[in-house]
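I have placed the structure first, in the form of structure tokens, so that the comments after it can refer back to it.
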Amino acid sequence: MVTCKDFLRELGEYLDETTDPATRSALEKHITECPNCWVVFDTCKKTIQVYKGMDPQPLPDPVHERLMKALERKAVTLGVKEDCSEAKA
Amino acid sequence: MIALGLEQNMAGPRIRNEADPVALEEAALVDQARGGDLAAFSELVRRYERRVYRTARHIVQNDEDAEDVLQEAMLKAFEHLDSFQGNSKFYTWLVRIAVNESLMKLRKRKSDRSVSLDESIETDEEPIVREIAVWDDNPEQRYSQTELREILDKAIDSLKPIFRTVFILRDVEELSTEETAEILGLSIAAVKSRLLRARLQLRERLTRTFKRKGDQILGYV
């Protein structure tokens, strides 16, 4: 029998779907019977989803420009002769 | 110390999928860049600079240091491209450099005593759950992208470095448990334990914002 403590201990693997079938089945049974654990599971899953759904913000132009300039300077010190063009973009 | 030889330590088959045109194109760019083609490396920079910056920003928690980390990581990657041999994804190799740079920044802040990733955590300690309430359906739709980003960033920033770094690599950058363990020099068990704690702590913080109006917080049995 799975307790709430057992469920919380296994929650990470359950969210990642890496539990073995027998454990998974026992955990699934537990959340159908325990509203609190169902809420914790559901809101944890939504927490992960909401973060995964966020694209990284565009880099501020000056930050990108300073990076490319630093790279050009580095290329010079390393003896790289090619132009740092972004024509391939 | 910066460790650039990650892929040499990673067990398993080569990750590069020869049938994947994106992977093939990236491999070609890396090869060209390794041969001194700066334009090819610039294309790799363009692809990953936002993700590297985001990761660094979450770890160091200010824009100035995040920009320093971005620059240092990209310059080191360019200089040491010879040590990347294609056994891991290019981004995994790059983000390892960025994470190391970020952690060094944190360690230089002598006032910050909560930096060490080596801090021992009792892996068998029970996770803590206090706030239990159902969320609205799609609560993120109540907010503009800017507002939502602020809410999510603030929640991540409230975590200790040992938790937020694992969460960022696993659940934001979507690296595997094994890759995260390699990058941070942690055991698989430590990554799993810290990830669960990070997820639960973020869930608690977001529940205060996203819980369905009118619902009471339930108590845990």
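Before moving on, here are some points about what is shown:
- Residues of the stretch B:70-100 buried by at least 10 Å² of accessible area upon assembly of all protein chains, compared with the chain on its own (1.4 Å probe): B:Leu70, B:Gln71, B:Met74, B:Leu75, B:Phe78, B:Glu79.
- Among the protein heavy atoms of the stretch A:4-52, carbon and sulfur supply 52% of the accessible surface, probe 1.4 Å, non-protein parts ignored.
- Loop-exposed trypsin sites (Lys or Arg not before Pro) per DSSP, neighbour cap 15 Cβ within 10 angstrom, longest uninterrupted part of chain A: A:1-80
- Loop-resident trypsin sites (Lys or Arg not before Pro) (DSSP state other than H, G, I, E or B) in the stretch B:14-100 with no more than 13 further Cβ atoms inside 10 Å of their Cβ: B:Arg14.
- Between A:Asp55 and A:Ser25, the contour length at 0.36 nm per residue exceeds the Cα-Cα span by 7.4 nm.
- Whole-Å distance, taken between Cα centres, linking the stretch B:32-96 and the stretch A:20-60: 31 Å
- On the basis of the beta-carbon distance and an R0 of 22 Å, B:Arg208 and B:Asp137 show a calculated FRET efficiency of 0.80.
- The overall shape of the stretch A:4-52, judged from the alpha-carbon gyration tensor, is oblate: a/c is not under 1.5, and a/b is no greater than b/c.
- If R0 equals 22 Å, the separation of the Cβ atoms of B:Arg50 and A:Ala70 corresponds to a calculated FRET efficiency of about 0.85.
- By definition, a body whose alpha carbon gyration tensor gives a ≥ b ≥ c is prolate when a/c is 1.5 or more and a/b is larger than b/c, and chain A fits this prolate description.
- Computed from point charges on the beta carbon alone (+1 for Lys and Arg, -1 for Asp and Glu), the dipole magnitude for the stretch A:4-52 about its Cα centre is near 200 Debye.
- Other protein chain Cβ atoms within 10 Å, averaged over every residue that makes up A:48-61: 6
- Estimated from the Cβ-Cβ distance and a Förster radius of 22 angstrom, the FRET efficiency linking B:Met104 and B:Asn62 is about 0.90.
- Look at the stretch A:63-74: the mean tally of other chain Cβ atoms within 10 Å of its residues' Cβ atoms is 5.
- Low-density loop cleavage sites - GluC sites (Glu not before Pro) in the stretch A:1-75, where at most 15 other Cβ are within 10 Å (DSSP): A:Glu17
- Only protein heavy atoms count here, probed at 1.4 Å, and on that basis chains A and B bury about 4800 Å² of accessible area in total.
- Taken residue by residue and averaged, Cβ atoms of other chains lying within 10 Å of the Cβ of B:146-152 number 2.
The values are calculated or read from the model by the stated rules, or taken from the named source; none is laboratory data. The model shown is predicted, which means the values in this text are computed figures rather than measured ones. With ideal geometry, Cβ positions are generated from the backbone for all residues, glycine too; neighbour counts draw on all protein chains shown. These accessible areas exclude ligands, DNA and RNA; they are computed on the full protein's heavy atoms, side chains included. Shrake-Rupley method; radii C 1.70, N 1.55, O 1.52, S 1.80 Å.
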